Amino acid sequence: MIIADKKPIEEIIEEIKDYNKILILGCNECVTVCEAGGKKEEEILASALRMYFLNKGREVKIDEVTLERQCDHEYLEEIRDVVDQYDSIVSLACGVGVQFTAEQYHSTPIYPGVNTCFLGATEKRGLWTERCQACGQCVLARTGGICPISRCAKRILNGPCGGSTKGKCEINKEIDCAWQLIIDRLKALGRIDEYEKLFPLKDWSTDRAGGPRKVVREDLQI
Amino acid sequence: MRLQYPANIKIIRVPCTGKVDIMYILRAFEKGADGIYLVGCMEGECHFKNGNLRARKRVEEAQKILNTIGIGGERAQMYNLSSAEGTLFAQIAVEMTERIRKIGPNPIKLAKKKIAA
């Protein structure tokens, strides 16, 4: 899922302090799971903002809505009838949701309420780690299910590099060397001979190197 | 025991302090409470393993938010005691009341009154 982290409230206040009718728009998907922008976080932010403005002697209208997703037209339509009542929206969705909301509602300024971080997994409550960089050409079949693109600091395809020490990466002793993990995994699977095969040059045009990307599925389009 | 403690404290019973969300704390202040405190079981003795530890973290988080918005984080506190410590419960009630008296009333309550007037 997409992992996001909460933006400091003071940063959000700085952006929206001049508005009088604010809609806090939560998202019920990834940001709910990583406890950054779901219904609960939206309620907390709305309550904190209401109190902040009251404390400044201003009665600012702050309402809350949680959409199932902000990255789909259907769900964004749910606020079509009420959006004109507000002079700004704080979206607690990931960067995709914020942008999609902004595209749908041109005349209302949208502000992000979270920092979108990466594609990752919940290791335990309160700890999320990166697992995918959406390079567009998955290599996991050859690496025992461990991604060298997202988990190796250098994104190398024929590792490890000389900076791997006792299974850890040279950039940070707390980070596992992805290639050490791959070798250990291939050994455990009895596939270590595959490690000997060199990876060919990777086509990075499907990664960010090729500019903004899109997936076109003509079989699904009418 | 028939212990006395300040009458201005309203007790809200929850199954475990782990039930108390940051939102509950903020809502209390939004509704005009001058202070809140959670009284949980002793650390390490939670019937639900770590409800009281979660509660402490949430109080700390609520304190940060209250400080940021100018309400004052010290208005929210977490205490731990066992169910056999009635005397301590009364002491904490007195301590908390005095703490809040010193800080003064909740500015949100005053602001709401001012706007309504």
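The values are calculated or read from the model by the stated rules, or taken from the named source; none is laboratory data. Note that the structure is predicted; figures quoted are calculated from it, not measured. So basically every Cβ, Gly included, is an ideal-geometry build from the backbone, and we count neighbours across all protein chains shown. Each accessible area value is taken on the protein alone, full model and side chains, heavy atoms only, with ligands, DNA and RNA left out. Shrake-Rupley method; radii C 1.70, N 1.55, O 1.52, S 1.80 Å.
Test of understanding: among A:Glu59, A:Glu43, which residue is free of Cβ contacts under 8 Å to residues at least 12 places away in the same chain and within 12 Å of chain B (Cβ to nearest Cβ)?
Working: A:Glu43 fails: free of Cβ contacts under 8 Å to residues at least 12 places away in the same chain.
After ruling out the rest, the residue left standing is A:Glu59.
As an exercise: evaluate B:Leu53 against (1) facing chain A (nearest Cβ under 10 Å); (2) of a type in the set (A, V, I, L, M, F, W, C); (3) open to solvent by 50 Å² or more (accessible area, probe 1.4 Å) and give the number of the one condition it does not meet.
With (1) facing chain A (nearest Cβ under 10 Å); (2) of a type in the set (A, V, I, L, M, F, W, C); (3) open to solvent by 50 Å² or more (accessible area, probe 1.4 Å) applied to B:Leu53, the lone miss is (1).
Restricting attention to the range A:169-181, report how many residues are surrounded by 14 or more Cβ atoms within 10 Å (Cβ to Cβ) and within 16 Å of A:Glu130 (Cα to Cα). Spell out how you get there, then give the answer.
Here is the first cut: in the range A:169-181, the ones surrounded by 14 or more Cβ atoms within 10 Å (Cβ to Cβ) are A:169-170, A:175-181.
Applying the additional criterion that residues be within 16 Å of A:Glu130 (Cα to Cα) yields A:169, A:175-179, A:181.
Count: 7.
Of the conditions (1) more than 11 Å from chain B (Cβ to nearest Cβ); (2) among the basic types (Lys, Arg); (3) touching a strand residue (DSSP E or B) at 6+ places or on another chain (Cβ under 6 Å), A:Lys17 satisfies every one except a single condition; which number is it?
All conditions are met except number (3).
A:Lys187 passes all but one of (1) charged (D, E, K, R); (2) open to solvent by less than 70 Å² (accessible area, probe 1.4 Å); (3) in a helix (DSSP H, G or I); which number fails?
The failed condition is (2).
Select from the range B:19-48 the residues that are away from chain A (no Cβ under 13 Å) and over 11 Å from the mean Cα position of the chain (by Cα) and list them in ascending order.
Once the filter is applied, which keeps residues that are away from chain A (no Cβ under 13 Å) and over 11 Å from the mean Cα position of the chain (by Cα), the range B:19-48 yields B:Lys19, B:Cys41, B:Met42, B:Glu43, B:Gly44, B:Glu45, B:Cys46, B:His47, B:Phe48.
Residue under question is A:Ile44, and the condition is that it be assigned by TED's automatic domain parsing to the domain that holds A:Pro112, touching a helix residue (DSSP H, G or I) at 6+ places or on another chain (Cβ under 8 Å) and surrounded by 22 or more Cβ atoms within 10 Å (Cβ to Cβ); does it hold?
Details: assigned by TED's automatic domain parsing to the domain that holds A:Pro112: yes; touching a helix residue (DSSP H, G or I) at 6+ places or on another chain (Cβ under 8 Å): yes; surrounded by 22 or more Cβ atoms within 10 Å (Cβ to Cβ): yes.
When the stated conditions are applied, A:Ile44 passes them.
Is it fair to say A:Glu11 is open to solvent by 20 Å² or more (accessible area, probe 1.4 Å), assigned by TED's automatic domain parsing to the domain that holds A:Thr66, part of a loop (DSSP other than H, G, I, E, B) and closer than 25 Å to B:Ala28 by Cα? Quick ask: steps written out before the conclusion?
Working: open to solvent by 20 Å² or more (accessible area, probe 1.4 Å): yes; assigned by TED's automatic domain parsing to the domain that holds A:Thr66: yes; part of a loop (DSSP other than H, G, I, E, B): no; closer than 25 Å to B:Ala28 by Cα: yes.
So A:Glu11 fails the test.
Six or more apart or on different chains, Cβ atoms under 7 Å: show the pairs whose first residue is in the range A:157-181 and farther than 23 Å from A:Phe199 by Cα and whose second is surrounded by 13 or more Cβ atoms within 10 Å (Cβ to Cβ).
Close Cβ pairs satisfying both conditions: A:Ile171/A:Ala153; A:Ile175/A:Lys168; A:Ile175/A:Cys169.
Show me the strands (runs of 3 or more DSSP E) entirely contained within the range A:52-116 in which 1 or more residues are open to solvent by less than 10 Å² (accessible area, probe 1.4 Å). Full working, then the answer.
Details: elements: A:61-67, A:88-91, A:110-112.
Where strands (runs of 3 or more DSSP E) fall fully within the range A:52-116 and carry at least 1 residues being open to solvent by less than 10 Å² (accessible area, probe 1.4 Å), they are A:61-67, A:88-91.
Just wondering, is there one or more residues in the range B:81-99 that are within 25 Å of A:Glu10 (Cα to Cα) and open to solvent by less than 20 Å² (accessible area, probe 1.4 Å)? Walk me through how you get there before you give the answer.
First pass over the range B:81-99, keeping only residues within 25 Å of A:Glu10 (Cα to Cα): none.
The answer is no, given that none of the residues of the range B:81-99 is within 25 Å of A:Glu10 (Cα to Cα) and open to solvent by less than 20 Å² (accessible area, probe 1.4 Å).
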